[in-house]
Amino acid sequence: MQDLTRRKILGAAALAAPALLSAQNQQDEVNAAIIGVGGRGTTVLTRAVKSPKVRFTAICDIDPEARDRGATLAKQWKPDLLADYRKLLERKDVDAVIIATPVDLHKEMAIAALEAGKSIYLEKPLGLTPLEVKQVVEAARKAKGILQTGFQLRYDPPRRAAIEHIHQGGIGPVAYMQGDRHTGDLPPEKPWLFDASRSGNIIVEQAVHIFDLMNWAMKTHPIKAMGLGGINVYQGRPFPNRSIWDHYACIFEYPDNIRLSFTHLYIDPRGFSGISERIWGHTGAVDLPSGTKSVLTEREGQAPKPEVLWEGDRGDMTQNAVDAFYQHVRESSEPLNNVTYGMYATLMALMGKKAIEEERIVTWDEVAL
Ligand SMILES: NC(=O)c1ccc[n+]([C@@H]2O[C@H](COP(=O)([O-])OP(=O)(O)OC[C@H]3O[C@@H](n4cnc5c(N)ncnc54)[C@H](O)[C@@H]3O)[C@@H](O)[C@H]2O)c1
């Protein structure tokens, strides 16, 4: 590895990594490792092994089956298999670590990795509490390595085009935002997800993806939240001690009275499901997943067709995200999913969670320590 101390901010053009690597950087092979080869870890590792100039030297999981899965995916390098993540972090032949373990382990593992001088691709969210988030952010700001948060939706070309269009003033000033994440219930083979003290509840563990998109569009975080939620259908299922909600609705307010309404349901019948990420401005509105814009017109006449803001091969957003991560590691440059935005999305979720739990309006200064 070369010069990991040089830092620079890259523009949007640097997001889709491989074609953009400089000739010099293409020489730099990254020594890579992963902690946690479960569901998400397997998805990310499947992409990471395809990233150019990346060599896996170590794989860690407490579950031998997961270690074997990782070993198979990275077999060309015969990585060492470890059960103790601390041993992985002691190694000199590890520069960049993917951390894809349950949320209650993020703070401990992220800080240990950063203090050991590693760069990390840390699955969302940053932590379970405002204090944990603060500790991760402080460690990242002091660290030699970089921290990229696992918000791969930022690397989805239509969403990126829609957000860039907003930033260029394409729909005028933002007026309102809306997000929905509606699916069936979570997989019962992952008990930790159903324990809010381990996952942070669905607003912290899952909704952060969409919160990050809205914060990106707004270039800031909301200042207050109110909401209600609970368990209406899956009380005591699939585990008697289920502590995560199966539904909630939350309204966040950004500066200048710009509001985001967000609903999150896990009680959707199959085929009924969907996500929605929409942003309205003074002259039009964008639909993020389709990368389209509709113009605000008078009532008379036919509605104009939505304008497509992006065309081409949608590609694989997780591949784009990990390719960008390794590029940022080589260049020691600031990721698009940087620690500040990881903090914004996680604290926003914690603010919404507190508002729902306490049935009152909660303000940003109550969660931003
Ligand atoms: N970005 C996304 O779209 C996305 C999607 C799903 C999950 N996630 C996130 O990824 C993370 C993991 O979720 P998942 O669904 O893969 O969970 P999972 O339960 O499928 O996998 C977790 C893995 O971590 C391993 N593990 C647990 N404790 C460990 C320890 N001390 N040391 C090493 N390994 C350990 C487990 O054995 C398991 O293999 C969570 O933060 C989750 O929020 C992100």
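A compact table of results
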{"item": "K353, K50, K118, reordered so the largest accessible area comes first (probe 1.4 Å)", "result": "K50, K353, K118"}
{"item": "Compactness index (Cα Rg / 2.2 N^0.38 Å), region 201-269", "result": "1.26"}
{"item": "Cα-based helix-to-principal-axis angle, 208-218 vs the chain, degrees rounded to 10", "result": "70"}
{"item": "Only Lys, Arg (+1) and Asp, Glu (-1) charged, at Cβ; region 23-137 dipole about Cα centre in debye", "result": "340"}
{"item": "Helix 317-331 vs. the chain, principal-axis angle (Cα, 0 to 90°, nearest 10)", "result": "50"}
{"item": "Acute angle (nearest 10 degrees) that the helix 157-167 long axis makes with the longest principal axis of the chain, alpha-carbon atoms", "result": "60"}
{"item": "Carbon + sulfur, % of accessible area of region 21-172 - ligands and nucleic acids excluded, 1.4 Å", "result": "48"}
{"item": "Around R159: net Lys/Arg minus Asp/Glu count, Cβ-Cβ under 11 Å", "result": "-2"}
{"item": "Quotient of C-alpha Rg and 2.2 N^0.38 Å, computed over region 229-269", "result": "1.53"}
{"item": "Share, in percent, of DSSP beta bridges within the chain that are antiparallel, nearest 5", "result": "55"}
{"item": "Fluctuation leader among A100, A162, A71 - the chain, Gaussian network, Cα springs under 10 angstrom", "result": "A71"}
{"item": "Within straight-line cross-link reach of K224, lysines at Cα separation under 20 Å, skipping those fewer than 8 residues along the same chain", "result": "K134, K353, K354"}
{"item": "For region 325-366: span of alpha carbons on each principal axis (Å, largest first)", "result": "46, 15, 10"}
{"item": "Hits among lysines - C-alpha to C-alpha of K53 under 23 Å, sequence gap 8 or more where chains match", "result": "K8, K75, K78, K92, K118, K144"}
{"item": "Percent of C-alpha pairs per 10 Å bin, the chain, short to long", "result": "5, 23, 32, 26, 11, 2, 0"}
{"item": "Y176/E65 FRET efficiency (R0 41 Å; Cβ-Cβ; nearest 0.05)", "result": "0.30"}
{"item": "Mean Cα-pair separation over length for region 158-248, i.e. relative contact order, pairs under 8 Å, 6 or more apart, %", "result": "29"}
{"item": "Solvent-accessible surface (1.4 angstrom probe) belonging to R360, in square angstrom, nearest 10", "result": "90"}
{"item": "Candidate lysines for bridging to K293, where Cα separation is under 20 Å - those fewer than 8 sequence places away on the same chain excluded", "result": "K219, K305"}
{"item": "Stretch gain in nm, segment I223-E311, where the contour uses 0.36 nm per residue and the Cα spacing is subtracted", "result": "28.2 nm"}
{"item": "Shape call, region 67-178: gyration tensor on alpha carbons, a/c limit 1.5", "result": "prolate"}
{"item": "Efficiency of FRET between R237 and E108 - r from beta-carbon atoms, R0 25 angstrom, step 0.05", "result": "0.25"}
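The values are calculated or read from the model by the stated rules, or taken from the named source; none is laboratory data. For clarity, every value in this text was computed on a predicted model and none was experimentally measured. FYI the Cβ positions are ideal-geometry reconstructions off the backbone, even for glycines, and counts take in every protein chain you see. What goes into the accessible areas is simple: the full protein's heavy atoms, side chains included, and nothing from ligands, DNA or RNA. Shrake-Rupley method; radii C 1.70, N 1.55, O 1.52, S 1.80 Å.
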